[in-house]
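As structure tokens, the structure follows; a few thoughts come after it.
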Amino acid sequence: MNQHIHCIVSDCHYYEQGNKCVANEILVATDQFGASQPEQIDAQMAMQLTPDTAGSCMETCCKSYIPKNSKFTSADGVKKMK
């Protein structure tokens, strides 16, 4: 499958010119889940997480965000595609 993930959060480690997300894996969650869980909860843990309902796109967030040039760029264990 050849997927294209678009992102406009330019200060994310996985952001690439052309508004592309180049993470191998991402975790999209509800805002409530995202706000209540530590940053270490990410795509690698997806199989252990319980699905939830959002109700609308306004109640969702990308949980794979890592700041560019952060010392935490390897904290999620998901390698940036290049």
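Numbers below:
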read-out	value
Long-range amide H partners of THR60 with built H, under 5 Å	ASP31
From phi via Karplus (6.51, -1.76, 1.60), per-residue ³J(HN,Hα) for region 42-49 in Hz, x at Gly/Pro	8, 3, 5, 9, 3, 5, 8, 8
Efficiency of FRET between ALA54 and ASN24 - r from beta-carbon atoms, R0 22 angstrom, step 0.05	0.40
Length released on extending from ASP31 to CYS61, taking residue separation times 0.36 nm less the Cα-Cα span	10.2 nm
Other-chain or far-sequence residues with amide H under 5 Å of CYS7's (modelled H)	LYS20, CYS21
Segment SER10-GLU39, extension gain: residue separation times 0.36 nm, minus the distance between their alpha carbons	8.6 nm
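Rule-based calculations on the coordinates, nothing more; no lab input. Keep in mind the model is a prediction, meaning the values are calculated, not measured. With ideal geometry, Cβ positions are generated from the backbone for all residues, glycine too; neighbour counts draw on all protein chains shown.
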